[in-house]
Amino acid sequence: METAFYVLSVLQIALGLYLLLQGLQWLYYARRRCMADAGFYAPRTAVLCSCKGLEPGLERNLTTLTEFDHQNYEIFFVLASESDPAHSIVKRVAAASRAKARVLIAGAPVDCGEKVNNLRFAIEQLPPDFEFLAFADSDGRPGKSWLKRLVAPLTDSRIGATTTMRWLIPNRSDLPSAFLAAWNAPVVTMLTEKGKNFCWGGGTAIRRSLFDQLGVLEEWKYSVSDDYSLTRSLHQAGRSIMFLPDCLTVSYVEANFPSLLEFTNRQILITRVYAEKMWAFGFATHTLYCLTLLLGIALTVGDLAAGLPAFHHVMLTFLPVLLGMMRSSLRVAAVTEVLSSLRGQIMGQAWIYILLTVIIPFLYVANFITSLITRKIRWRTITYEVISPNQTRILAN
């Protein structure tokens with residue numbers, strides 16, 4: 001057991017040092033992006049937002065989509081049914097919007113996710129003069145320059161799409177909400193300046209001509225994941241996805257333990273189906289961390305119980321933990337520079353993003369194991385069976 005621990009700890013320390021270096025690079029990239037001028041590029045853009053059900057701050061979230069400083073855009077809010085609890089709020093926000101806003105009713109999905117069905121319906125209704133598509137989520141609260149900054153890099157036709165990521169802030173001081181925010185935090189730094197990035201459905205922009213050329217609507221036809229399917233289409237065509245940390249989108253969350261597991265299990269299962277290599281790498285690295293920590297603690301306790309020196313085991317056990325906390329600190333520093341107006345609130349909850357990430361890998365491992373034994377997910381009251389990237393079954397609504 002001791003030999004295995006030494007091997008695992010060396011691997012974990014090497015990985016920790018690499019990720020710490022990546023964290024520094026992410027911080028510097030975020031700073032450069034924040035200082036970059038978005039310019040005056042304002043092509044005609046359709047902002048598409050699928051809505052379903054009530055959530056914390058929904059009206060304020062949707063209102064932010066009407067307040068962008070981009071001069072030439074229109075908002076399309078899409079719901080499956082007029083009986084949706086969010087419908088009255090969506091209509092009120094659309095009526096009060098400074099930018100032109102429409103509310104569309106897509107109908108019930110068939111063999112695909114409801115969000116995907118909503119977006120397909122909205123895009124099929126778009127007039128041909130829209131040059132760009134931008135996707136937003138109803139639980140996000142982007143800044144005023146979000147749309148301008150998201151679209152600006154697409155002046156370079158070599159870039160396939162631009163994307164960003166969410167940053168979760170707990171609305172309550174309970175443990176499940178804190179765990180959810182801590183679980184999401186490492187995902188932010190998976191996207192990098194030059195890496196093989198993936199699209200996030202709550203903040204992605206693409207030229208409409210490229211979207212049509214890639215046949216994304218057809219790719220979505222039997223999909224449950226709008227963003228992973230778009231990512232697959234872009235990767236297959238050899239088109240790059242540019243990550244924009246300056247467009248980071250805050251989302252205020254409230255969770256209990258069942259909803260925490262529902263969200264995290266869903267994310268990992270969808271990743272397994274649509275991005276198997278990413279899933280396998282994540283499973284391996286989180287399992288490595290957990291095994292190293294558990295073996296190290298067991299050996300340390302054994303040394304102490306036998307009256308033997310335990311310093312070497314303690315050092316090899318907790319050095320990876322320390323490296324992880326250092327990387328988490330860099331992540332928080334970068335995020336507070338991007339979301340400068342929320343610096344005080346984020347720093348007041350910094351323990352969530354730094355200390356809880358020590359144990360969050362155990363939750364990830366539980367999510368990975370769950371994804372091995374089921375293909376069922378629950379997403380906003382609908383239960384799906386995700387059979388393959390192009391095969392989805394609706395089990396209950």
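The values are calculated or read from the model by the stated rules, or taken from the named source; none is laboratory data. Just so you know, these numbers come straight off a predicted model, no measurement behind them. Quick reminder, even Gly has a Cβ in these numbers, built from the backbone with ideal geometry, and neighbours come from all protein chains shown. All accessible areas refer to the heavy atoms of the entire protein, side chains included, with ligands and DNA or RNA removed. Shrake-Rupley method; radii C 1.70, N 1.55, O 1.52, S 1.80 Å.
Volume of the convex hull of segment 92-156 (Cα atoms only), normalised per residue: 139 Å³. With point charges of +1 on the Cβ of Lys and Arg and -1 on the Cβ of Asp and Glu, referenced to the Cα centre of segment 312-397, which listed residue (P320, A334, W379) lies farthest in the positive direction of the dipole? Sorting the options by dipole projection puts first W379.
The Cα-based radius of gyration of segment 65-199, divided by its Kirkwood radius, gives an Rg/Rh of 0.98. Any idea what % of Cα-Cα pairs in segment 1-66 are farther than 15 Å? I get 76 percent for the Cα pairs in segment 1-66 exceeding 15 Å. Just so you know, the Rg over Rh for segment 298-397 is 1.18, from Cα atoms, with Rh as the Kirkwood radius. According to the calculation over all Cα-Cα pairs in segment 234-314, the P(r) per 10 Å bin from zero is 13, 21, 30, 20, 12, 3, 0 %. Taking label points 7 Å from Cα along the Cα-to-Cβ direction, R239 and A366 give a separation of 3.9 nm. Restricting segment 90-181 to trypsin sites (Lys or Arg not before Pro) that sit in a DSSP loop and have at most 14 other Cβ atoms within 10 Å of their own Cβ leaves R98, K144, R158, R172.
Normalised per residue, the accessible area of the chain is 43 Å², obtained with a 1.4 Å probe and no contribution from ligands, DNA or RNA.
The portion of the accessible surface of the chain made up by carbon and sulfur, rounded to a whole percent, is 60 (1.4 Å probe; DNA, RNA and ligands excluded).
With loop membership from DSSP and a limit of 16 other Cβ atoms within 10 Å, the longest segment of the chain without GluC sites (Glu not before Pro) is 255-397. Taking the Cα atoms of segment 139-180, the ratio Rg/Rh between the radius of gyration and the Kirkwood radius comes to 1.19. Legend: Rg and Dmax of segment 65-107, from Cα coordinates, 10.8, 33 Å.
The residue among V253, A237, N265 whose Cα reaches farthest toward the positive pole of the charge dipole of segment 152-287, with charges on the beta-carbon of Lys, Arg, Asp and Glu, is A237. Binning all Cα-Cα separations of segment 9-128 at 5 Å, short to long from zero, yields these whole-percent fractions: 2, 10, 16, 15, 13, 10, 9, 9, 8, 5, 3, 1.
In this entry, segment 182-271 is assigned a mean projected area of 6.8 nm², taken as a quarter of its C-alpha convex hull surface.
Seen from a random direction on average, the alpha-carbon convex hull of segment 180-223 projects onto 4.6 square nanometres. Counting only protein chain heavy atoms and rolling a 1.4 Å probe, the accessible areas of I352, I297 rank, largest first, as I297, I352. Compute the distribution of all C-alpha to C-alpha distances in the chain, in bins of 10 Å from 0, and list the percent of pairs in each, rounded to whole numbers. Values per bin, smallest distances first: 5, 22, 32, 26, 10, 4, 1, 0.
For the chain, a crude dipole built from +1 on the beta carbon of Lys and Arg and -1 on the beta carbon of Asp and Glu, taken about the Cα centre, is about 440 debye to the nearest 20.
When the helices of the chain are scored as -39500 (n - 2.57) per DSSP H run of n ≥ 4 and the total is divided over every residue, the value at 222 nm lands at -17000 deg cm²/dmol.
Screening the chain for whole DSSP H helices with an alpha carbon extent of at least 30 angstrom along the helix axis and a mean Kyte-Doolittle hydropathy of at least -1.0 yields 2-35, 276-306, 311-338.
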